[in-house]
Amino acid sequence: MAGTASVATGSVLADDHQTEIDRKAAFGVLVDTTLCLGCRKCELACNQVNHLSERPPTDFEDQSVFERHRRPDPDAYTVVNSFKVADDPDRRYTMKVQCMHCNYPACVSACIVGALRKDPRGPVTYDPSKCIGCRYCLIACPFQVPSYEFDDPVKPRVRKCDFCFTRIIEEGGVPACVAVCPSEALRFGSREQLIETAYTRMADAPERYSCHLYGEHEIGGTSWMYLAPTDFANTELPELGTEPIPRLTESIQHGIFKSFIPPLLLYGLLGLIMHSLRKENGKQSDDNDNTSTS
Amino acid sequence: MESKAMTTIIHQHHEYERVRYFTRGTVVLVVLAAAGAVGYVYRLLFGLEAATNLDNQYAWGLWIAVDVASGVALAAGGFTTAALADIFHKEEYHVFVRPALLTAMLGYTFVVVGLLADLGRYYNVWHPMLPTMWQGNSALFEVGMCVMIYLTVLYIEFLPIVVERFKGQVNLPGILSYANSLVESWLTVAARYLGRFISLFIVAGVVLSCLHQSSLGTLMVIAPNKMHPLWYTNVLPVLFLLSAIAVGFPMVIFESILTNRSLKCKPETGALSSIAVYVPILLGVYLGVKVVDLTIRDAIPYLFDGSAASVSYWIEILAGVVAPILLLSNPRIRRSVTGLFIAAALVVGGVVLNRINVFLVAYQPLYPIRPYFPSFLEIMVTIGLISTLVLIFRWIVMTFPVLTTEECIERVGIMNNRRQPAGRTEPAP
């Protein structure tokens, strides 16, 4: 695993290698869509806690939104969508989406200035004061989660769920959406324990679940993990492998820049060619020592 | 050597008519440049949403694919020509070094100008320079750093041309004329040191180019589940580097023929024909890697699925790679200015289409609301930037000794620019 090795040993830019998640301390949320009521209280709580768009709370009781597919945007870090059960089209279930807080986040790896950071305990956070607004994070995210304030000409920000960083890390609480959830659809806790919980639930009621804990292994694992009554293929969660997304690009980058040796070698080689060829045919044609530009 | 040539010209009669800066063509360019400037200011005042068709699904558009990615690729003539003429000492191609250098210098300058329009917080563009914000995992960070350093190197490489222009003829107006001899001595010192150390910068320019030309390809490697399989490959950085190397000489040919035509000079057919010999080889290597890569990845079937993407791929390969290989393998076509121009233009267009394909066509966001097509204003800004670049190119070519054939020197009248040719009669160093 060249990628892991170079990430672990670090490059010349030693402190930039990706934050390894702390498996023992990492938080997670288990989303059990079989228990989701589709009440959208999580959307309301998120809106209030993060001071997003000003909308009356009744806006969030409107069930007609399920008729179309919505995605998170600068006004909503999380949205609930409704999906058909594959083998029983009359049955529907609802599912909340937001930033997955990947164990190996592509957005963090892509960010040119480190405005996006991975906390070893789970949250992927964003510091707008560093951001240059290149939007490479929007390109990199395998879930297409970060959104951008395209309408702001002066100080546009990348907008996405920050796992209620202040509430869970600094205040020891739970994310606003989890706190408000009236059913057991959202459970916050240690990621490792949540995986156990998920497997217990699937073992206890196999008929209730499709046997797949989404996010346990996808792209190296995500903090938010999903259980569903049916295959995830007809939801908005994309089918992904287990390899962390940024591993390939990082091994390319660290391979090229390994202690700056490859660029320096190339420099030396070209310099050598330049020097030796000059001696050969330089005597008669190029009596002044200047090169091209003179 | 060149200054010797220039010296002799002074004593000859002027056979060639001077070219004026403003022609009908330049006026059109001025109008387009002005329109682009208006669009640019509109974007700064009202933001990306008002100016562009970008959204949360299509976060990158025309400005990244053309102004930035294609701009960087088409500036590759700078480093490929420097490598050929200065590092491998193929002296017969020195005639292209300065125009290619100027193309690269202006090309990269406008890459940055174009990028600033696209960045949401353009005023933070310098942030990657701060060690506290370094982010070595990001291919974009490498591209940014390399472009910044390389742009500086290009300006340094251009300095000797500026020094040559003014050395021996410093003639400041009015009271500043007291400083003439002081400035003159600065230039003498500058000329000496630049001559001594310029090789270091030339080699650095080639290394920096190889690094970021390839890393520009690494950018999209981070989006495996959103990229069309015809273009998504682990070797995207290799393909970007190879295509940049392959487009270098065609860009030089394209630009040289256009410049000479515009300045009413005879094209340098001999040197153009012989530099064109390299093009089929370089394109062949690029094509070979592309075909092998498609085969290994089992992506061949996508070529025949009839989708818009597959059509775009075929155009990119047939018109941009295969056709110019065939054309330039033919010695008759290599000797014809029209043939050279068409073949070179095909390569240039092919590489631009490749960058558009990789950044726009191949990019398939997960939840598109509408397809992306650039807004009128995006296109206006891009055309405006290219027009401005051409206008500045023309001005520099008519002000500094960039073109070095005798005819061009007289056509643009640099030696004669209302200044005494004093100092020009001294023997070449």
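Residues of the stretch B:123-140 being more than 7 Å from chain A (Cβ to nearest Cβ) and either among the aliphatic types (A, V, I, L, M) or over 27 Å from the mean Cα position of the chain (by Cα) (or both), which ones? Residues satisfying the conditions are B:Met129, B:Leu130, B:Pro131, B:Thr132.
Taking the stretch A:1-44 as the range and being over 22 Å from the mean Cα position of the chain (by Cα) and modelled with pLDDT of 60 or more as the test, the residues that pass are A:Thr34, A:Leu35, A:Cys36, A:Leu37, A:Gly38, A:Cys39, A:Arg40, A:Lys41, A:Leu44.
Per-residue answers, yes or no, for (1) within 20 Å of A:Arg278 (Cα to Cα); (2) surrounded by fewer than 24 Cβ atoms within 10 Å (Cβ to Cβ); (3) facing chain A (nearest Cβ under 10 Å); (4) touching a residue at least 60 places away in the same chain (Cβ under 8 Å):
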position	(1), (2), (3), (4)
B:Trp63	no, no, no, yes
B:Ala69	no, no, no, yes
B:Leu74	no, no, no, yes
B:Phe79	yes, no, no, yes
B:Ala83	yes, yes, yes, yes
B:Val95	yes, yes, no, yes
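Which ones in the stretch A:228-250 are in contact with a helix residue (DSSP H, G or I) (Cβ under 6 Å, 6 or more places away or on another chain) and either under 30 Å from A:Pro89 (Cβ atoms) or at pLDDT below 90 (or both)? Selection gives A:Ala228, A:Pro229, A:Pro238, A:Leu240. Go through (1) among the hydrophobic types (A, V, I, L, M, F, W, C); (2) crowded, with 24+ Cβ neighbours inside 10 Å; (3) away from chain B (no Cβ under 14 Å) one by one and return the number of the condition A:Ala106 breaks. Single failed check for A:Ala106: (3).
Of all residues in the stretch B:287-340, exactly one satisfies the criterion of being acidic (Asp, Glu) and over 22 Å from B:Pro237 (Cα atoms), namely B:Asp305. Considering only residues in the stretch B:366-412 that are under 18 Å from B:Trp63 (Cα atoms) and outside any helix (DSSP H, G or I), the one that is nearest to the chain's Cα centre (by Cα) turns out to be B:Pro374. Considering every residue within the stretch A:198-216, establish whether at least one is touching a Ser or Thr at 6+ places or on another chain (Cβ under 6 Å), more than 14 Å from chain B (Cβ to nearest Cβ) and modelled with pLDDT of 95 or more. Checked the stretch A:198-216: at least one residue is touching a Ser or Thr at 6+ places or on another chain (Cβ under 6 Å), more than 14 Å from chain B (Cβ to nearest Cβ) and modelled with pLDDT of 95 or more. Residue pairs whose Cβ atoms lie under 9 Å apart, sitting 6 or more positions apart in sequence or on different chains, and linking a residue in the stretch A:259-276 that is without any contact (Cβ under 8 Å) to a residue 60 or more places away in the chain to a partner that is surrounded by 13 or more Cβ atoms within 10 Å (Cβ to Cβ) and among the polar types (S, T, N, Q), are A:Gly271/B:Ser199; A:Met274/A:Thr291; A:Met274/B:Ser199; A:His275/B:Ser199.
A quick yes/no check of all residues on (1) in contact with a Cys (Cβ under 6 Å, 6 or more places away or on another chain); (2) among the aliphatic types (A, V, I, L, M); (3) within 20 Å of B:Met251 (Cβ to Cβ):
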{"residue": "B:Tyr367", "(1), (2), (3)": "no, no, no"}
{"residue": "B:Tyr372", "(1), (2), (3)": "no, no, no"}
{"residue": "B:Val381", "(1), (2), (3)": "no, yes, no"}
{"residue": "B:Val390", "(1), (2), (3)": "no, yes, yes"}
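As a summary of the residue check, B:Glu316 satisfies the conditions (1) in contact with a Gly (Cβ under 8 Å, 6 or more places away or on another chain); (2) among the acidic types (Asp, Glu); (3) surrounded by fewer than 16 Cβ atoms within 10 Å (Cβ to Cβ) except for the one numbered (3).
Listed here are the residues, each with its yes/no results for (1) away from every other protein chain (no Cβ under 14 Å); (2) within 23 Å of B:Val412 (Cβ to Cβ); (3) outside any helix (DSSP H, G or I); (4) at pLDDT below 95.
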site: B:Trp186; (1), (2), (3), (4): yes, no, no, yes
site: B:Arg196; (1), (2), (3), (4): no, no, no, yes
site: B:Cys210; (1), (2), (3), (4): no, no, no, yes
site: B:Val238; (1), (2), (3), (4): no, no, no, no
site: B:Ala246; (1), (2), (3), (4): yes, no, no, no
site: B:Pro267; (1), (2), (3), (4): yes, yes, yes, yes
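The listed residues are B:Val322, B:Val352, B:Val412, and the only one of them that is of a type outside the set (Asp, Glu), surrounded by 20 or more Cβ atoms within 10 Å (Cβ to Cβ) and modelled with pLDDT of 95 or more turns out to be B:Val352.
Against the numbered list (1) in contact with a Leu (Cβ under 9 Å, 6 or more places away or on another chain); (2) in a helix (DSSP H, G or I), B:Trp60 comes up short only at (2).
Looking at A:Pro120, A:Pro128, A:Pro175, just one residue is surrounded by fewer than 24 Cβ atoms within 10 Å (Cβ to Cβ) and either under 21 Å from A:Leu37 (Cβ atoms) or within 13 Å of chain B (Cβ to nearest Cβ) (or both), and that residue is A:Pro128. Given the condition under 27 Å from A:Ser109 (Cα atoms), among the polar types (S, T, N, Q) and touching a residue at least 40 places away in the same chain (Cβ under 8 Å), answer yes or no: does some residue in the stretch A:162-174 qualify? Scanning the stretch A:162-174, I find no residue that is under 27 Å from A:Ser109 (Cα atoms), among the polar types (S, T, N, Q) and touching a residue at least 40 places away in the same chain (Cβ under 8 Å), so the answer is no. Residue pairs whose Cβ atoms lie under 6 Å apart, sitting 6 or more positions apart in sequence or on different chains, and linking a residue in the stretch B:28-57 that is within 13 Å of chain A (Cβ to nearest Cβ) to a partner that is part of a loop (DSSP other than H, G, I, E, B) and polar (S, T, N, Q), are B:Thr52/B:Ser375; B:Asn53/B:Ser375.
The values are calculated or read from the model by the stated rules, or taken from the named source; none is laboratory data. Computed from a prediction, not measured in an experiment: that's the story for all the values here. Every residue, glycine among them, receives a Cβ derived from its backbone with ideal geometry; neighbour counts consider all protein chains shown.
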